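Just so it is clear, none of the values below were taken in a lab; they were calculated from the coordinates. Quick caveat: nothing in here was measured; it's all calculated off a predicted structure. A quick note on method: Cβ atoms are made from the backbone with ideal geometry, for glycine too, and the neighbour counts reach across all protein chains shown.
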Amino acid sequence: MNEQLIITTSPHFKHPTTTQRIMLDVLIALSPAVIASVIIHGWYALVMIAVTTLFAVGSEFIFNICVKKTQTISDLSSAVTGVLLALNLPTSTEIWQCAVGAIFAIVVVKCLFGGIGKNFANPAITARVLMLLAFAEVAGGQLGGNPFVEGSHADLIAGATPLVNIDKLSPEMFFKVTPSIPEMLLGLRAGAIGEGCIVALVLGGIYLIVRRVIKWEVPVAFIGTVYLLSWLITGNALLALYYILSGGLFIGAIFMATDYSTTPLNRLGKLVFAIGAGLLTVLIRFFGNYPEGVSFAILIMNILSPYIEKLCAKRPFGGAKNEK
Amino acid sequence: MFWFGFLGNTHIPHRKNTAGMAAEKIAPPGEVLLPMSQHIGAPATPIVKVGDEVKVGQKIAEASGYVSSPIYASVSGKVSKIESYLRPDGRTVPAIRIVSDGEMTLSDDITPPEVNDLESLVRAVRESGLVGLGGAGFPTAVKLEGVKKAKIDTVIINGAECEPYITSDTRTMLEESDLIKEGIDTLKKYLPDVRSFIFGIEKNKPECIKKLKELFALDEAVRVATLPSLYPQGGEKVIIYNTTMRVVPEGKLPSDVGCIVMNVTSLAFMAKYLKTGIPLVERSITVDGSAIKNPKNLVAPIGTPIRALIEAVGGLTEEGGKVIFGGPMMGQAACSLDEPITKTTGAITALSIKESTEPPVTDCIHCGRCVEACPVFLNPTVFSHALGLEGKDERVARLEEAKLGLCMECGCCSYVCPANRPLVQNNRIGKAEIREYKAHLIELAKAKEGR
């Protein structure tokens with residue numbers, strides 16, 4: 001009889017979920033949006049996604065070699081960042097710009113802070129914001145164009161995102177020139193390649209909720225807050241619907257505001273984070289200089305996240321108050 | 001704030017393969033090893049010498065303090081050695097080895113105890129060698145005596161049995177329901193202040209719930225509470241809250257909120273002892289796990305080596321995995337198959353090599369699964385972080401501020417962690433560090449006084 005036994009401390013059972021499995025789930029959840037982006041925006045979208053993913057994973061690989069760290073690319077988190085970044089960029093972005101963005105996201109925002117779980121700001125969002133500020137092509141495709149575009153969908157796609165029109169037109173005129181609600185749901189409008197197709201994003205979101213990767217409260221509270229406040233400010237329920245279907249709200253609420261590293265650990269904290277991000281989005285959209293505010297809102301909340309986490313921590317069961 | 005209903009939040013596999021199997025008595029083992037510490041408290045003191053002839057139920061070690069428990073010979077035969085035994089928790093205690101004569105002759109001293117009031121009940125329970133059979137091993141007599149110091153109005157009978165595989169309590173509830181009833185009647189008689197008796201049973205044992213509900217259908221003082229099948233229902237503070245909504249505050253005992261928690265098998269044993277006078281010399285034990293050929297429930301003398309139990313169930317399917325005292329969530333891994341079962345061993349779990357091999361530890365991804373899994377709302381990441389701080393004072397202060405003392409080491413955090421971080425394992429290190437630090441402070445204070 002071989003008497004060698006394995007000895008470890010309890011627990012001796014382990015839940016099968018691993019980091020890699022979670023990231024794979026996120027990639028699976030992103031796949032409808034990827035497919036939709038290619039159908040709507042053409043093959044160039046796929047090229048963009050491929051480039052950002054390749055450079056994201058590649059830069060993490062090379063970074064780990066340079067700093068002599070255990071290789072971490074197999075956890076798939078850099079692939080998630082890569083895909084998400086591309087989905088947040090318009091087709092007017094140059095290939096080299098995609099590559100620069102991906103490298104910035106991984107090396108500066110993630111790896112320099114210690115890698116997965118330690119970065120305080122969402123890499124994809126930070127990179128997108130940087131690109132928005134640095135590259136005219138990104139800002140142009142996202143926000144610019146002729147606000148009075150009329151007619152075909154093709155024009156609309158080439159033209160402005162409805163958010164630009166909302167600010168400048170009366171509601172009657174606005175409804176005349178913008179895509180209908182079904183078109184908005186399918187993503188037949190201008191903007192970043194992955195943000196438009198609400199149906200695909202929601203499909204991915206439901207998958208993540210069912211797989212228990214994300215909490216349903218976060219996207220619901222984020223989008224709900226934006227809807228209610230937009231309704232309150234405009235006094236028009238239909239117009240408020242455009243506000244939530246436009247811009248990067250759905251992709252932000254489902255895939256960015258639910259990022260583990262950059263949001264609070266506890267459930268109450270996650271909810272507060274989502275409501276706060278919704279509030280900031282509305283403030284930036286209505287009162288700021290930029291027509292779109294989801295990225296900025298999430299980024300600001302990322303910075304507040306540790307404090308929200310601390311304030312929202314549950315009191316340990318039966319725990320006495322700590323003396324200060 | 002912000003919690004609803006029940007404590008306990010973690011789905012774990014049940015694998016109650018042996019729930020339908022009646023316990024079988026095993027053939028007497030060739031020898032038994034009886035460690036002097038099979039309970040919480042001071043180790044017992046041996047009162048036999050090498051070469052002494054002993055019979056089943058003969059006292060071989062005396063309780064050596066208030067929180068302690070006597071130990072009885074579990075086979076008849078000869079004391080062959082008094083040796084030191086390395087417990088799976090790393091402590092070394094004396095242990096008495098008895099070579100069996102195969103006869104299992106009962107000791108002549110055995111007579112049912114005379115019980116006519118609380119005092120004599122506590123004395124009898126103390127003499128029986130009974131300790132919490134669910135796994136904690138707290139001497140039952142000390143618990144019962146708590147009635148004198150605090151006003152106890154509720155007795156909770158723990159039949160949660162929340163660990164995977166283990167069904168020994170399930171079998172007690174099904175096979176020994178008469179004893180359970182007698183036990184309740186005894187407690188009623190001698191603990192007149194107690195107004196309610198609550199059985200807490202996880203809902204994955206509907207037969208047990210049904211049986212006990214029928215048994216106590218006409219008894220208004222007894223309630224059978226169905227607990228969710230969410231680990232760790234059997235934790236003391238968890239079962240108290242989930243059956244009575246009472247919160248045991250930090251640093252307090254269940255008796256401070258008017259409760260006593262007793263394992264269901266302990267209760268049945270108490271009733272049996274009062275009838276027969278045979279002390280705690282054997283126990284029911286589930287032998288199961290992914291490396292066990294034919295899982296079974298067995299009744300075995302305390303001190304039986306694991307090897308004899310595994311042979312009694314047809315052996316292992318593969319060698320070289322893990323063999324655990326208790327269940328996979330809180331049990332302790334055995335170093336060798338020659339280690340003996342003790343009073344608190346409710347199960348032997350043998351896991352296959354595949355299930356014994358842990359995935360690699362990767363970086364924390366800050367997902368919050370551990371925070372959500374913790375049944376007492378701790379944040380395990382804080383403890384692990386605190387352990388990395390420079391300076392002992394700072395480490396201990398941070399660990400205490402985050403309430404490490406409330407951790408019951410149920411292991412939910414480590415179980416759910418996708419990065420396989422050693423969370424509960426770090427908590428144990430943290431607790432040891434706090435203990436050490438406090439002992440050191442006391443020493444310092446003494447040294448100052450001495451000067």
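For region B:19-80 versus region A:51-104, the spacing of their alpha-carbon centroids is 64 Å.
Overall shape of the protein assembly as shown was characterised from the C-alpha gyration tensor. The equivalent ellipsoid obtained from it has semi-axes of 62, 27, 24 Å, in decreasing order.
Close amide-amide hydrogen proximity is noted between B:Val224 and B:Phe199, each under 5 Å apart and 5 or more residues distant or on a separate chain (H modeled in the peptide plane; Pro and chain starts excluded). For chain A, the longest principal axis of the Cα atoms and the long axis of helix A:77-87 meet at an angle of about 0 degrees. The average projected area of region B:118-276, computed from the convex hull of its Cα atoms over all directions, is 8.6 nm². Treating cross-link reach as a plain straight distance, find the aspartates and glutamates whose alpha-carbon is under 17 Å from the alpha-carbon of B:Lys322, omitting any fewer than eight places away in the same chain. Cα-Cα hits under 17 Å: A:Glu3, B:Asp89, B:Glu163, B:Asp288, B:Glu311, B:Asp338, B:Glu339, B:Glu355, B:Glu358. Building the convex hull from the alpha-carbon atoms of chain A and averaging its projection over directions returns 21.9 nm².
A crude spin-label estimate for the pair A:Thr8 and A:Lys321, with each label 7 Å from Cα along the Cβ direction, gives 4.2 nm. Straightening the chain between B:Asp193 and B:His440 buys 84.7 nm, computed as 0.36 nm per residue apart minus the Cα-Cα spacing. Here the Kirkwood formula, the inverse mean of 1/r across different C-alpha pairs, assigns chain B a hydrodynamic radius of 23.0 Å. Among the trypsin sites (Lys or Arg not before Pro) within region B:1-85, those in coil by DSSP and having at most 16 neighbouring Cβ atoms inside 10 Å are B:Lys49.
Here is the list for region A:1-84: trypsin sites (Lys or Arg not before Pro) lying in DSSP coil, each with at most 12 other C-beta atoms within 10 angstrom of its C-beta, are A:Lys68.
Label separation (B:Lys49 vs A:Leu133): 8.8 nm, computed from points 7 Å beyond Cα along the C-beta direction. A simple rule links phi to the HN-Hα coupling: the Karplus curve 6.51 cos²θ - 1.76 cosθ + 1.60 with θ = phi - 60°, which for region B:144-160 gives 5, 5, x, 4, 6, 8, 10, 7, 9, 10, 9, 10, 9, 9, 8, x, 5 Hz, with x for Gly and Pro. Relative contact order of chain B: 17 percent, from C-alpha pairs under 8 Å at least 6 residues apart in sequence. Built from the Cα atoms of region B:369-450, the convex hull projects on average onto 5.4 nm², one quarter of its surface area. Here's how it looks for B:Phe377: its modeled amide H is under 5 Å from those of A:Phe317, which are all 5 or more places away or on a different chain.
Stokes-Einstein at 4 °C, 1.567 mPa s, Kirkwood radius from Cα pairs: D for region B:190-283 in µm² s⁻¹? For these conditions, the coefficient is 87 µm²/s. Can you tell me which of A:Thr263, A:Thr93, A:Thr17 moves the most in a GNM of chain A? Springs connect C-alpha atoms under 10 Å apart. Of A:Thr263, A:Thr93, A:Thr17, the Gaussian network model singles out A:Thr17 as fluctuating most. For the pairs A:Lys215/A:Lys270; B:Lys16/B:Lys205; B:Lys181/B:Lys210; B:Lys181/B:Lys272; B:Lys25/B:Lys59; B:Lys151/B:Lys252, note any where the Cα-Cα span goes beyond 18 Å. Result: B:Lys25/B:Lys59 exceed 18 Å. Identify which of A:Val272, A:Val210, A:Val38 has the largest mean-square fluctuation in a Gaussian network model of chain A, with springs joining Cα atoms closer than 10 Å. In the Gaussian network model the winner is A:Val210.
A straight line joining the Cα centroids of region B:317-338 and region A:276-324 runs 46 Å. For the protein assembly as shown, the share of DSSP beta bridges that are antiparallel, to the nearest 5, is 60%.
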